[in-house]
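Notes for the one structure printed next.
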Amino acid sequence: MTRIVEQQHPGEPTWLWRLGNATAIGGERVRSIGIAWGFRENGRWRWRPRITGQQSLFFNAVVFVRLTWVDFMPVGFFASVRWSPSSTAKALLQTGIGWKLNGRLAVLFRIQSDQSSAAGVTGPNSGQAPGFEYGTH
């Protein structure tokens with residue numbers, strides 16, 4: 001099992017950094033299901049819900065939800081809502097609590113743009129889908 005142990009980020013409280021490393025589990029233990037609803041694909045709107053893969057915690061859509069579990073026990077719920085196709089203005093809310101796909105415990109609540117999401121917290125996130133286009137976010 002590979003646990004992700006992180007270095008302390010600038011401005012991160014020591015207690016939070018220690019808690020994050022102490023609660024980390026191997027990401028291969030985390031399973032999930034994600035459902036995206038309301039997105040554009042090949043220039044057309046798609047309104048049928050789509051089950052997503054596990055390569056990203058969030059997928060781009062009007063509404064997205066993900067449930068994570070370990071050993072058949074639910075351990076996380078994550079959701080996002082997007083209200084604008086803008087890539088520069090604040091256009092989406094991402095929130096959730098529990099173990100992420102990489103095995104790290106998280107409590108998330110962030111309103112961001114495609115631009116701020118691509119910049120990331122600790123480094124760039126490349127290959128994200130812009131606007132309402134279907135894909136990872």
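The values are calculated or read from the model by the stated rules, or taken from the named source; none is laboratory data. Just so it is clear, the model here is predicted, and its values are computed rather than measured. Using ideal geometry, Cβ is built from the backbone for each residue, glycine included, and neighbour counts are taken over all protein chains shown. Remember, those area values only see protein heavy atoms, side chains included, never the ligands or the DNA or RNA. Shrake-Rupley method; radii C 1.70, N 1.55, O 1.52, S 1.80 Å.
Calculate how large, on average over all directions, the projected area of the Cα convex hull of the range 46-126 is; give the answer in nm² to one decimal. Please report the intermediate quantities before stating the final value.
On the way: hull surface 23.3 nm².
Computing the convex hull of the Cα atoms and averaging its projections yields 5.8 nm².
Averaged per residue, what accessible area in Å² does the range 41-137 show with a 1.4 Å probe, protein chains only? Write down the numbers at each step before the final one.
Details: 5450 Å² over 97 residues.
With all protein chains present, the range 41-137 gives 56 Å² per residue.
Take the eigenvalues of the Cα gyration tensor for the chain, scale each by 5, and report the square roots as semi-axes in whole Å, largest first. Intermediate values should be presented prior to the final figure.
Details: eigenvalues 140, 69, 26 Å².
So the three semi-axes of the chain are 26, 19, 11 Å.
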Residues whose modelled amide H sits under 5 Å from the amide H of E133, counting only those 5 or more places away in sequence or on another chain, are R40
Carbon/sulfur accessible area of the chain, % of total, 1.4 Å probe, equals 62
In the neighbourhood of G27 defined by beta carbon distances under 12 Å, the net charge of the other residues (Lys, Arg +1; Asp, Glu -1) is +4
Anyone know which of P13, P74, P85 comes out most mobile in the 10 Å Cα GNM of the chain? P13
Rounded to the nearest 0.05, what FRET efficiency is calculated for T95 and R44 with R0 set to 22 Å and r the Cβ-Cβ distance? 0.20
If one compares the long axis through the Cα atoms of helix 14-23 with the longest principal axis of the Cα atoms of the chain, the angle in degrees, nearest 10, works out at 90
Which of these, R44, R31, R104, has the largest mean-square fluctuation under a Gaussian network model of the chain (Cα springs below 10 Å)? R44
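Assuming 0.36 nm per residue, please report the length gained on full extension of the stretch S126 to W69 beyond their Cα-Cα distance.
17.9 nm
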Would you look at the GNM of the chain, springs on alpha carbons closer than 10 Å, and say which of N102, N42, N60 moves the most? N42
